[in-house]
Structures are given as structure tokens and as C-alpha cells.
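Reading through the C-alpha cells given below for one structure.
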Amino acid sequence: MIFDVSALNLSNLIYVLRGIFWTLFLTFVSIGLGLILGSALAFGEVYLPPPFSYIFRIIGEVLRGVPLILLFLILYFAFNLGMTLSAILGLGLRSASYQGQIFRSSLEAISAGQLHAGLSLGMTKFQVFKEILVPQALRIMIPGWTNEFITVLKDTSIAFVLGVMDIMTRADFIARSIGRYFEIYIFIALVYFVLVKTSMSILNNLYERVRIPGLGEKR
Amino acid sequence: MKEVLRVENLKKSYHKNEVLKGVSFSINEGETKVIIGPSGGGKSTLLYCINYLQKPDSGEIYLDSELITPKNIYEARKKIGFVFQYFNLFMHLTALDNVMIGLIKVKKLPKDEALKIAKESLLLVGIKEDLWNHYPAQLSGGQQQRVAIARAIAMSPRIILFDEPTSALDVELIGEVLQAMKTLAENGMTMLIVTHELEFAKSVAHEIMFLESGVIVEKGTPQEIIEHPKSERLKKFLSKIAKGEE
């Protein structure tokens, strides 16, 4: 296989790189949506009484059980939601099911004893939640959440089946038109790698900055 | 002497298992009372019911002659300190912040005032300045439990409940926690303590209550309870403790 550098000329690269906007837009909006819906799922599962908590658990399990590409196609063809909305909802809903898991396990990692301690000082349940639970859960969840972030970042490429003009779709388009797949695919593989590495180092940095000795670490 | 806490005919069941079968007693200001008894006898449940961390099924609890109800429980808890078996410090806060959080969030004190009280409380239990900015995971068990005691006393409660405060500690760390509690007793703090430390009970308790199977079987001065137990059940329990089986 010959690597033809001329396939990577400036105009082709710029055409592909303009897709970064959509790649990042889909990532951030879906992660945000997943964070909101995911915390709702987690709270529903942890704090609601049995018949209702099951409903939240089942929603999460169903979303985790469906391949992402199928979720896209269902939203697009069965619900007629349009390209962008299907992409955002598909990524967002699936991410919600995983972020919910991450948030739930973080909440459960905090001992009931600390909640008792908060209440015994005279705090209200809301104060215990806000002052004790959330600050700890948020810290504990960062490493797991970092993984979820890069998963969503990479899986925006699957929205290519919907025709969203992200770097994957654009790369595929150029590759077809010039008949050189290898060079273009290697190039966007590099782009994804750089995006993933950058996000990871930013999030790891954040974790180091807010990390508290002994919190969320196994003794 | 002024009565601080009165418990009347307190009952609590889990499923069909009746853990407290009608417990009554009272504590006056400045008194230290100790509860002893076998595991599963209802000691911890009794403490947890007093400040409604577990809701009693029936019976009354009076704090300074006022009946505690689900409505006034948040007010009541401010006046009832609680020290737990497993310390239960807030893991994301330093020793100093653990003591300050109740003063700031619950008592709404200004920060400088809260800081002053927190420092005094920590010094009282022997936690010196070099440890104030340590997180719980950076402290030994004995230090953590003393911070937990400081957290309770900083709120200037009317009474502090201790739930086996030394039973999760390594032997060599028990002494420092008991010493801190002794200091409180000498300062006139009203305390209700569940413990297996009989020597300690002897030296600080005004009264010892023997709780078994959900009832107070026997109560009296440390002399009466430890040296001259009347009931067979208490004798059996004391000999078990002496053998290190409880």
C-alpha cells in the first residue's frame, strides 16, 4: 500500500477539519444532555421508592442495550426527528444511561454514616445533599466521566450514518471523491487522537486540582 | 438538678424483631451515664432513636422538658451531639472545616466566629494546629474520632451521645479518645455513652445501665453494677467481657 501524501493537500485538509465544529458541538451538547438526564436517572434509581426506581433502572438498561447506530436510525426514521436532533438525542440518551451509572455509583460510594453525621448536626436533608453528597460525588465521578467524555467524542463519528457534516462524514466524502481512503482515514485518526488526548489531559488536570486525599480511593 | 434528657417507654422494631421493648431513663445536667450490654441488645438503636436518625415506633423523648417530634427534630438535633462508632467525618473537608461546617451552615455563625470556636474545640480534644488542615484520610483513627468529638462540642450541645466511640480503634489509640471524653466530663458536659470500656465507665459514670434484649435489666452506680451485679444476666455479661468475648 502506497501512502500518497498529495492526497493530503491543504484544501482537502481544510475541508475535513471544518467538520471539527460539528464533532465538538455534538460532543458537548450530548454530554451536557447526558449529564442532566443521567443525574435524573441516578436520583430516580437511588432515591425513589421501589416501583418508581425500577422504571428508571429499566430506562437506563434499555438505553445501554441498544447499539448506538440503531438508536440513531430509530430516532431518524421512526420518530422523524431530523438529522441534527437525532444525532444529539441518540448520543445524549445513550450517554445519559452511562453517566447515570457513573453518578449512581459515586453517590453510593459515600457512606451512609456521613449522611447521619450531617443530619445529627441539624442539617436539613437538602443541606446534607448539597454540602456533603454532591461535592464528594462530583469528585469521585471525574475519572469515570473522563472515559465517558472520550467515548462520546469518538462516537460522534457514528452520526455519519445520518449525514451530519462532522470530520468523519467530510473525510469519507473527500476520500470517495479522490479515491484515496488510506491517507484520509489515517489523517482523521490522528485528529481524533489529538482531540482525545487533549480532552483527557484537561480532565485529568481538573481531577488533580480538585482531588482530595483518600476520597474515592480504595484504602 | 436540671433534667436534660428524658426517655419514656421507647419502643422500636425492625420487621418482627422488637429491638427496644420500652426503655425509660433520664439524665440531669452535667451527668455522665453509660450503657453497657451485649451486641444486638439495642444500645445503638436506642441512641439513634433519641435524635430520630431512626424513628422510634412509640414512646416519648424530652429534651429540656420539650417533647421531640418529627416537626422540631431539626431544632432538637442542634442541641444533641452525636459521636459515631466509625467517626463519620466528612471526607472532603479538613479537620478544621469538619468542625466549622455545622457552625456556619446550621448555626449561621459568621466565619471568623466559627473559626474561633472550631479552633478551641479542636484544642480541647488535643488536636493541635499542625493537624487542622489534614483531611480525614490523613489522620489516624484516634485523631479522627477526636475531631468528631470536637465537631460535636463546637455546636455547644445540651448533651452528647457516644455510640461505642472506641470500638473501631486500635488498642493503642483508645486512650487518647477516652482522655478527651474525660476532659468533657470534667468540664460538666452531659453525656450518654455506649461503651465496653468498663474501667473508663467506672471512672466517669454517675450511673451505668445494663441493656439486654431491649430492656434495661439493671442500673446503678459503677460500684453496684460492676462490683456487685445482682442479675444473672449481668454477671454472665461481665464475665464474658473479662474474658474478652464481648
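The values are calculated or read from the model by the stated rules, or taken from the named source; none is laboratory data. Every value quoted in this text rests on a predicted model; they were computed, and no experiment measured them. Using ideal geometry, Cβ is built from the backbone for each residue, glycine included, and neighbour counts are taken over all protein chains shown. Protein only, heavy atoms only, side chains kept; ligands, DNA and RNA dropped before computing areas. Shrake-Rupley method; radii C 1.70, N 1.55, O 1.52, S 1.80 Å.
Before moving on, here are some points about what is shown:
- Residues whose amide H comes within less than 5 Å of that of B:Val83, counting only those at least five positions distant or on another chain, are B:Leu161, B:Phe162, B:Asp163 (H built at 1.01 Å from N in the peptide plane).
- With both labels modelled 7 Å from their Cα along Cα-to-Cβ, the B:Lys108 to A:Val194 distance reads 5.5 nm.
- Legend: mean number of C-beta atoms from other chains within 10 angstrom of residue C-beta atoms, peptide A:106-118, equals 4.
- Under the span-like rule (Cα at least 20 Å along the axis, Kyte-Doolittle mean at least 0.0), DSSP H helices of chain A: A:20-47, A:50-65, A:83-108, A:134-155, A:181-210
- Membrane-span-like helices of chain B, defined as complete DSSP H segments with a Cα extent of 18 Å or more along the helix axis and a mean Kyte hydropathy of at least 0.5, are identified as B:171-186.
- Tail weight of P(r) past 19 Å, computed on alpha-carbon pairs of the range B:166-225, percent: 34
- Of the listed residues B:Ser65, A:Ser86, the order by accessible area with a 1.4 Å probe, largest first, is B:Ser65, A:Ser86.
- Shielding of B:74-83 by partner chains, average beta-carbon count, 10 Å: 3
- Considering only alpha-carbon pairs that sit under 8 angstrom and 6 or more positions apart, the relative contact order computed for chain A is 29 percent.
- Per DSSP, loop GluC sites (Glu not before Pro) in the range B:84-141 with at most 10 further Cβ within 10 Å: none
- Its convex hull of Cα atoms gives chain B a direction-averaged projected area, equal to a quarter of the hull surface, of 13.5 nm².
- Counting only other chain Cβ atoms within 10 Å of each residue's Cβ, the peptide A:127-134 averages 3.
- Across the range B:89-157, Cα pairs under 8 Å and at least six residues apart give a relative contact order of 49 percent.
- CD proxy at 222 nm, helix term only [per DSSP H run n ≥ 4: -39500 (n - 2.57); per residue of chain B; nearest 500]: -10000 deg cm²/dmol
- B:Lys235/B:Asn9 FRET efficiency (R0 35 Å; Cβ-Cβ; nearest 0.05): 0.85
- Computed P(r) (all Cα pairs; the protein assembly as shown; 20 Å bins; percent): 21, 40, 24, 13, 3
- Among residues other than A:Tyr98 with Cβ under 10 Å from its Cβ, the summed charge is +1 (Lys and Arg +1, Asp and Glu -1).
- Between A:Asn147 and A:Leu70, the C-beta separation translates, for a Förster distance of 25 Å, into a calculated FRET efficiency of about 0.65.
- Alpha-carbon centroids, the range B:72-150 and the range A:105-166: separation in whole Å: 26
- The gain in end-to-end length when the B:Lys202 to B:Lys182 segment is fully stretched comes to 6.0 nm, 0.36 nm per residue minus the alpha carbon separation.
- Within chain B, longest stretch free of exposed trypsin sites (Lys or Arg not before Pro) [DSSP loop, at most 10 other beta carbons within 10 Å]: B:129-242
- For A:Lys197, the lysines whose Cα falls under 18 Å of its own Cα, not counting residues fewer than eight places away in the same chain, are A:Lys154.
- Measuring nothing but alpha carbons in the range A:74-115 and taking Rh as the Kirkwood radius, the Rg to Rh ratio lands at 1.33.
- A convex hull fitted to the Cα coordinates of the range B:89-157 yields 73 cubic angstrom per residue.
- Cross-link pairs B:Lys78/B:Lys108; A:Lys130/B:Lys119; B:Lys43/B:Lys79; B:Lys11/B:Lys33; B:Lys182/B:Lys236; B:Lys21/B:Lys71 - those with Cα-Cα distance over 18 Å: A:Lys130/B:Lys119; B:Lys43/B:Lys79; B:Lys11/B:Lys33; B:Lys182/B:Lys236; B:Lys21/B:Lys71
- Efficiency of FRET from Cβ geometry, B:Ser140 and A:Thr124, R₀ 30 Å, rounded to 0.05: 0.40
- Of the three principal axes defined by the Cα atoms of the range A:99-219, the extents in descending order read 70, 28, 19 Å.
- More than 25 angstrom apart: percent of Cα pairs within the range A:5-210: 48
- For a paramagnetic label modelled on B:Ser39 (point 7 Å from Cα along Cα→Cβ), amide N atoms under 20 Å away belong, within the range B:160-175, to B:162-174.
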